[in-house]
Amino acid sequence: MLNGNGNGDVLVLAVESSCDETAAAVVKNGREVLSNIISSQIALHTLYGGVVPEIASRKHIEKISQVIEEALLEASVTLDDIDVIGVTYGPGLVGALLVGVAEAKAIAYAANKPLVGVHHIEGHIAANFIEHRELEPPFFSLVVSGGHTHLVRVKDYGKFDIIGRTRDDAAGEAFDKVARAIGLGYPGGPKIDQAAKKGNPEAIIFPRAHMADSPYDFSFSGVKSAVLNYLNGCRMKGEEYCQADVAASFQRAVTDVLVENAMGAAEEFHVDKFALAGGVASNSALRAAMKTACEKRGIKLYYPSPVYCTDNAAMIGAAAYYEYRDGTRHGWDLNAVPNLKLGER
């Protein structure tokens, strides 16, 4: 496939602003990251115990042009060298998404470049292509983030079947809420992971939810409520509880369900390659449990480095490349779709 300059390499300028990271990257041929700039808002939202959508949107407006300029500079390229503009257009916070989409459309229009909108979860899955160049579809992916918990069959680049999904809270959302309840603060995922290393994962037995009518679906609202009930019970009785033990026991309950469902699907569908994706994919307990389970079954496990697990534009650039290669183009009517389903165009 030739790019606009007549050679075989395709450079994607990618933009990501679906939540509280303002990010831009330049990615070559879907696998090589030339730059990956991330402006995080974590410190700002920590003051409020979670992401405040209006504040996130305003901060994206302040930072978006700056991170794009930095991405081009770090990659040692100009807009003239870029072949494709990729951007996350859903799912996510509508105001935050709109900032990235508007910026990407403006750049694509002004520079006369093709525009490719990318599904955020597709980006998370594509993050695995960056560091594992041998990884090719088909494979299975467990996507675990603050907003999503999906078990996905990746049939080809940009072609997905969702085998299982959460019925209520996403795993990352449950991590955040439990972390807040036990006094660890925001962001919950990394803080629970750290605290759990000092605790006993068998100290408290929290429930593991299984859906009888859909064995690969997830539910985490029950385990979250069980933790809250346990904490309230301790307070009512005037008893102390061990923060590390609660963190470890909760993390074990969530990890057990994630791994059990993933391995059940792997056995039914005869999977030999499995990829973790999403912010919670950087959780050390989940990685260790998945590695043990996959090794036992002869399954090759892939996962990105932590910088590619959390929201970033490099993963969007990787996904945009394969969408572009497949013929996907979006017009100037591309809009933010906060509830975009995986596989929709």
Scope the range 202-227; condition touching a residue at least 60 places away in the same chain (Cβ under 8 Å) and not hydrophobic (A, V, I, L, M, F, W, C); matching residues: Tyr216
Glu54 being under 20 Å from Pro338 (Cβ atoms), charged (D, E, K, R), assigned to a helix (DSSP H, G or I) and touching a residue at least 40 places away in the same chain (Cβ under 8 Å): yes
field: Given (1) within 30 Å of Ser225 (Cβ to Cβ); (2) surrounded by fewer than 18 Cβ atoms within 10 Å (Cβ to Cβ); (3) in contact (Cβ under 8 Å) with a residue 12 or more places away in the chain, number of the condition Gln194 does not satisfy
entry: (3)
- request: Name every residue in the range 292-345 that is in contact with a Phe, Trp or Tyr (Cβ under 7 Å, 6 or more places away or on another chain), over 19 Å from Val101 (Cβ atoms), part of a loop (DSSP other than H, G, I, E, B) and not aliphatic (A, V, I, L, M), in order of residue number.
  value: Asp326, Gly343
task: Would you mind stating whether Lys296 is surrounded by fewer than 23 Cβ atoms within 10 Å (Cβ to Cβ), touching a strand residue (DSSP E or B) at 6+ places or on another chain (Cβ under 7 Å), at pLDDT 95 or above and not hydrophobic (A, V, I, L, M, F, W, C)?
output: no
- request: Hey, can you tell me all the residues within the range 158-200 that are outside any loop (DSSP other than H, G, I, E, B) and under 18 Å from Ser141 (Cα atoms)?
  value: Lys159, Phe160, Asp161, Ile162, Ile163, Gly164, Arg165, Thr166, Ala171, Gly172
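The values are calculated or read from the model by the stated rules, or taken from the named source; none is laboratory data. These numbers come from a predicted model, not from an experiment. Cβ coordinates were reconstructed from backbone atoms using ideal geometry, including for glycine residues, and neighbour counts include every protein chain displayed.
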